[in-house]
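Take a look at the structure set out below.
The values are calculated or read from the model by the stated rules, or taken from the named source; none is laboratory data. No experiment lies behind these values; they were computed from the predicted model shown. Every residue, glycine among them, receives a Cβ derived from its backbone with ideal geometry; neighbour counts consider all protein chains shown. Keep in mind that these areas ignore ligands, DNA and RNA; they rest on the heavy atoms of the full protein, side chains included. Shrake-Rupley method; radii C 1.70, N 1.55, O 1.52, S 1.80 Å.
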Amino acid sequence: MAKTLSLPKIVCVGSNLESEIALRGIISHNINVVGLVTRPSGNRGNVCDYVDLHPLCHEHDITVIDTLDINSEETLARVKALDPDYIFTLGTSQLFKQEFLSLAKQWVIGSHPSPLPKGRGRAPVPWTILQAHRESAVSFFKMELGADTGDLLQRNRFSIPERAYANEVYQLVAHNLRDGFCQLHDKIVSGTIEFLPQDAEQATYRARRGPADGFVDFAAGASQIDRLIRAVSHPYPGAYVYYEDTKFEVWEAHPNNAPQIMGTTGQILAVADDQVLVQASDKPLWLSSFTQSGTAIPASTFRVGQHFNYRLHDEVFAIKEAIRALQKRLD
């Protein structure tokens, strides 16, 4: 696609699904994208929502800069050679050093899926569900050193459906990211962009989350377990439980309309319609859509009366008993 030379030159940064959705929209908006900084083709690393954007860039004659370190000298040199007016950050977890922030003639525009200054930090989509928010925003800001700081340029607000799963919130974020960058570009071209300083006193922060944070602890309440499962579902690694020394992922929860059955924490109370009824701390809830290392597992795998996860005191006692028995044989 031929580039419109009168428009500002834009370099984008991104390697995931929301980057793809945003980049497609930016291209359709006839924005002059001259380059994309992304991960090498097929190298997803720890990016659970990784998308290979090389084919899209090749289709539209966009220069691709592969890197695993956005602040490396090689990356800086290649971006500088493109002589960008602006850099749009579509989706990356790497922090930019001053050398990278200085590459744009004007600014590097960051984006974050929370109503900044609230919700700075990591894992914004899971945290949005875990904190039971019914609305959020994609915030755009002039990047500076530090995470999610800098003057605000725009907030695109959106509502969150009740009991939304991660992918639903993710899609809302991605489409508002796309629309926001297109709107910002129009403001840049028309000279109507405005800056709003962030109020640091109003800032809140969210910690990093990893796959281990998806562990389902049935000592929690049913509503808390429901939020966890929805928060870490696709495109994230998923929640998980242990059953008979095997780890299983669980992708759906149904806390409503559970029968009035009482059991011990983590106990399987019923199996029906490919769902498993499990006792939480306060009441039972149904779980469904189980996998084991990505392979679908029927609910009939789990037996009524058994428990999910380990009963720690019993397990420690059993391990000590086994050690004592082994010591006796060795003596």
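How large is ³J(HN,Hα), in whole Hz, for each residue of the range 136-150 in order, when computed from phi with the Karplus curve 6.51 cos²θ - 1.76 cosθ + 1.60 and θ = phi - 60°, using x for Gly and Pro?
8, 7, 9, 9, 10, 8, 6, 6, 9, 4, x, 8, 6, 9, x
Can you give the accessible area per residue of the range 10-59, in Å², using a 1.4 Å probe?
36
Could you do me a favour and compute the accessible area per residue for the range 107-179, 1.4 Å probe, result in Å²?
Value returned for the range 107-179: 38 Å² of accessible area per residue.
Once the piece of chain linking Val189 and Lys105 is laid out straight, how much longer is it, given 0.36 nm per residue of separation minus the C-alpha distance between them?
Extending this stretch completely gives an extra 28.8 nm.
Could you check the spin-label model distance between His313 and Leu7? Points 7 Å from the Cα along Cα→Cβ, value in nm.
It works out to 6.7 nm between the two label points.
Given Cβ point charges of +1 (Lys, Arg) and -1 (Asp, Glu) and nothing else, what value in debye, to the nearest 20, does the dipole of the chain about its Cα centre take?
340
Multiplying the sequence separation of Ser28 and Asp69 by 0.36 nm and subtracting their Cα-Cα distance, what value in nm do you get?
11.9 nm
Are any of the pairs Lys9/Lys97; Lys97/Lys247; Lys97/Lys187 more than 32 Å apart by Cα-Cα distance, and if so, which?
Over 32 Å apart, Cα to Cα: Lys97/Lys247.
For Lys328, give me every one of the lysines with a C-alpha distance below 22 angstrom, ignoring sequence neighbours fewer than eight places off in its own chain.
Lys320
Ignoring ligands, DNA and RNA, what percent of the 1.4 Å accessible area of the chain is carbon and sulfur?
Exposed carbon and sulfur together represent 50 percent of the surface.
Taking 0.36 nm per intervening residue step and subtracting the Cα-Cα distance, what contour gain separates Glu144 from Met262 on full extension?
37.1 nm
How many angstrom lie between the Cα centre of the range 186-221 and the Cα centre of the range 266-331?
36
Please report the net charge: other residues with Cβ closer than 14 Å to the Cβ of Pro40, K and R +1, D and E -1.
Once positives and negatives cancel, what remains is -1.
For a protection proxy built on the mean count of beta-carbon atoms within 10 angstrom, sort 185-191, 245-251 highest first, please.
Ranking, from highest mean packing down: 245-251, 185-191.
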